[in-house]
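Data block below; observations after.
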Amino acid sequence: MDDQTSLDPAQIRATLKDAEWLYRAIGESIDFGVWVCDANGRNLYASASFLRLVGLTQEQCSGFGWADVLHPDDADRTIAAWKECARSGSHWDIEHRFRGADGKYHPVLARGTAVRDTEGRILCWAGINLDISGLKRAEDELLEANRRKDEFLATLAHELRNPLAPIRNAAHAIRLKAAGDPQLQRAQEIIDRQIDHLTRLVDDLLDISRITHGKIELQLERIPLQTVVDYAIEITRPLLEARRHEFRFEPKGEGIWVLGDSARLSQIISNLLSNAVKFTEPGGHIQAGIHLADPHAIVRVRDNGIGISSELLTRIFDLFAQGDRSLDRAQGGLGLGLSLVKRLVELHGGNVEARSEGHGKGSEFSVRILLADAQVESQSIRPAPVANGQPRRILVVDDNRDAAESTADLLRLDNHIVQTAYSGAAALGVARVFKPEIVFLDIGLPGMDGYEIARRLKEFPETKQARLIALTGYGQAGDRELSRRAGFHDHVVKPIDPAALASLVARHSASHAEAAG
């Protein structure tokens with residue numbers, strides 16, 4: 001190389017100096033800059049922006065000095081993880097908090113990688129510190145919004161269930177009083193169907209929230225799949241008949257046992273059947289069947305309805321996913337049913353698929369559920385005691401007068417002696433005089449809630465043996481646990497079916513008799 005092409009040492013130093021300033025400028029453009037550590041993980045350099053944040057000099061930050069300003073809850077895990085990273089040579093990626101010069105803790109995402117020579121030996125470490133305070137604020141806001149959403153859903157369910165209860169009770173009373181009038185009978189059937197629809201919407205909203213937060217626990221047992229499907233069909237039959245659909249169920253699954261939660265599996269199948277009913281024109285054809293594909297049982301539901309477009313098919317199980325809502329499609333609901341189906345099936349360790357050849361060509365849904373091990377025995381289920389016809393002294397407490405009176409009317413139809421109260425103070429006064437054997441008690445009462453009333457009733461000698469049943473719009477796991485702690489013997493969510501109400505009284509009558517004996 002001649003003198004004309006060689007670089008002067010001064011030029012080399014100047015070029016390197018320019019490069020250093022260039023990379024420093026790039027580093028400072030990143031909040032909170034770049035860092036360099038030696039091969040053993042000791043800090044050699046930190047950007048000025050990071051040093052300003054934590055109020056340290058480069059000398060104070062060097063080595064492991066930067067650890068002195070870590071949040072106390074983050075310090076040990078960060079140092080241990082960094083030393084292990086330096087030992088193993090793996091990629092560095094961690095979130096932690098540093099105490100700033102302002103006295104506040106700032107969230108930082110640190111990332112780095114080893115710089116190696118041609119033989120793979122670590123020469124040093126280089127990385128960046130990212131300011132993620134904006135992301136953390138957004139995350140906190142989302143968590144708070146999610147918390148408020150859950151509170152809203154719980155309140156919404158309570159407020160919707162309160163009017164549903166007296167409506168259902170009144171409809172049942174109409175049925176008993178006007179059995180020979182076909183017009184009233186038809187009106188009563190319409191009311192029943194719409195109450196069932198509203199109740200399902202409320203339950204679906206709460207189930208989605210519970211599943212999202214991991215609050216649903218399955219009661220797994222070995223159960224006959226045919227029984228589960230039969231129950232789901234029975235639930236859906238009024239809808240099938242109302243829209244005059246032809247329904248076939250074949251092949252059947254006699255002798256096929258699965259491992260699952262009976263109530264949730266019935267909910268899955270009934271949701272699929274209801275979906276087929278809604279999206280098939282009146283007078284359409286719907287078919288369901290059970291098939292074996294070891295180690296799974298497959299339940300298929302087919303219809304010749306409006307079908308599913310290829311675009312919607314890719315997101316049909318997404319929350320709030322909806323297709324065409326024109327004409328009868330307006331029955332599409334909130335877009336919860338299929339999302340709930342998918343999540344419940346996955347909780348069972350199975351999967352669900354949707355198929356359709358497009359608009360107007362119907363659809364097919366297939367649910368795969370694990371077969372039960374032949375050695376697994378189902379849990380024994382004790383049937384509820386049958387009512388013996390003996391009238392009971394029952395107190396109904398609810399600040400919704402329609403709910404209280406309509407529930408009382410249903411109980412009186414079974415010859416029970418019933419009193420009502422519309423506040424906590426009134427309930428305590430009536431209870432000491434009336435001495436009820438069973439108390440149906442709302443939770444969301446003004447002034448004194450149902451939990452406090454229950455605790456006081458357990459203290460009175462006149463009512464300490466009474467069976468306490470929470471009849472409320474609050475139905476989440478936490479609400480049930482609070483009921484148990486307050487001394488309730490049962491927790492029932494509004495609206496309660498009249499037959500279930502009678503069964504509940506019979507069961508608690510038997511329990512009361514056993515306790516008294």
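The values are calculated or read from the model by the stated rules, or taken from the named source; none is laboratory data. For clarity, every value in this text was computed on a predicted model and none was experimentally measured. Positions of Cβ are backbone-derived with ideal geometry, glycine not excepted, and every protein chain shown enters the neighbour counts.
The residues on offer are His197, His245, His285, His213, and the sole one that is surrounded by fewer than 17 Cβ atoms within 10 Å (Cβ to Cβ), at pLDDT 90 or above and either out of contact with any strand residue (DSSP E or B) (no Cβ under 8 Å at 6 or more places or on another chain) or of a type outside the set (A, V, I, L, M) (or both) is His285. Each residue in the stretch 258-287 was checked for being more than 12 Å from Gly362 (Cβ to Cβ), part of a loop (DSSP other than H, G, I, E, B) and of a type outside the set (Gly, Ala, Ser), and 2 pass.
Within the option set Ile438, Ile443, Ile453, being more than 23 Å from Ser503 (Cβ to Cβ) and either under 28 Å from the mean Cα position of the chain (by Cα) or buried (at least 23 other Cβ atoms within 10 Å of the Cβ) (or both) holds for one residue only, Ile453. The single condition among (1) of a type in the set (Ser, Thr, Tyr); (2) surrounded by fewer than 22 Cβ atoms within 10 Å (Cβ to Cβ); (3) under 26 Å from Leu198 (Cβ atoms) that Ser310 does not satisfy is (3).
Looking across the stretch 494-509, the residues that are within 20 Å of Asp203 (Cβ to Cβ) and either part of a helix (DSSP H, G or I) or at pLDDT 85 or above (or both) come down to Pro498, Ala499, Ala500, Leu501, Ser503, Leu504. Per this entry, Ile190 is counted among residues that are more than 30 Å from Asp479 (Cβ to Cβ), β-branched (Val, Ile, Thr) and assigned to a helix (DSSP H, G or I). Considering every residue within the stretch 80-93, establish whether at least one is within 22 Å of Thr113 (Cα to Cα), over 43 Å from the mean Cα position of the chain (by Cα) and modelled with pLDDT of 90 or more. Within the stretch 80-93 (the criterion being within 22 Å of Thr113 (Cα to Cα), over 43 Å from the mean Cα position of the chain (by Cα) and modelled with pLDDT of 90 or more), the answer is no, since none of the residues qualifies. Going by the structure shown, is Glu20 in the same structural domain as Trp82 (by TED's automatic domain parsing), of a type in the set (Asp, Glu) and modelled with pLDDT of 90 or more? When the stated conditions are applied, Glu20 does not pass them. Within the stretch 360-390, being at pLDDT 85 or above and not in a strand (DSSP E or B) holds for Gly360, Lys361, Gly362. Pairing each residue of the stretch 156-176 that is touching a residue at least 24 places away in the same chain (Cβ under 8 Å) with any residue that is hydroxyl-bearing (Ser, Thr, Tyr) and crowded, with 20+ Cβ neighbours inside 10 Å, provided the two are 6+ apart or on different chains, yields C-beta distances under 6 Å for His158/Tyr474; Pro166/Ser406; Asn169/Ser406; Asn169/Thr407; Ala170/Ser406.
Comparison of Ala408, Ala403, Ala425 shows that the only residue that is without any contact (Cβ under 8 Å) to a residue 24 or more places away in the chain and either assigned to a loop (DSSP other than H, G, I, E, B) or under 24 Å from Lys177 (Cα atoms) (or both) is Ala408. May I ask you to verify whether Ile190 is surrounded by fewer than 14 Cβ atoms within 10 Å (Cβ to Cβ), within 30 Å of Ala470 (Cα to Cα) and not basic (Lys, Arg)? Answer is yes for this residue.
Any residue in the stretch 295-310 that's among the polar types (S, T, N, Q): show its pairings with residues that are part of a strand (DSSP E or B) at Cβ separation under 7 Å, as long as the two are six or more apart or on different chains. Here the result reads Asn304/His285, each pair linking the stretch 295-310 to a residue that is part of a strand (DSSP E or B). Close Cβ contacts (under 8 Å, 6 or more residues apart or on different chains) running from residues in the stretch 441-460 that are on the phi > 0 side of the Ramachandran plot to residues that are of a type outside the set (Asp, Glu) comprise Gly447/Ser423; Gly447/Gly424; Gly447/Ala425.
Of the residues Asn146, Asn169, the single one that is within 30 Å of Phe440 (Cβ to Cβ) and either assigned by TED's automatic domain parsing to the domain that holds Leu51 or assigned to a helix (DSSP H, G or I) (or both) is Asn169. In the stretch 55-62, the condition of being under 26 Å from Arg121 (Cβ atoms) and in contact with a strand residue (DSSP E or B) (Cβ under 6 Å, 6 or more places away or on another chain) is met by at least one residue.
Name the residues in the stretch 65-92 that are assigned to a loop (DSSP other than H, G, I, E, B) and touching a strand residue (DSSP E or B) at 6+ places or on another chain (Cβ under 7 Å), would you?
His71, Gly89, His91
Examine the stretch 321-342 for a residue that is within 25 Å of Tyr231 (Cβ to Cβ), out of contact with any Asp or Glu (no Cβ under 6 Å at 6 or more places or on another chain), at pLDDT 80 or above and surrounded by fewer than 18 Cβ atoms within 10 Å (Cβ to Cβ), and state whether such a residue exists. For the stretch 321-342, residues within 25 Å of Tyr231 (Cβ to Cβ), out of contact with any Asp or Glu (no Cβ under 6 Å at 6 or more places or on another chain), at pLDDT 80 or above and surrounded by fewer than 18 Cβ atoms within 10 Å (Cβ to Cβ): absent.
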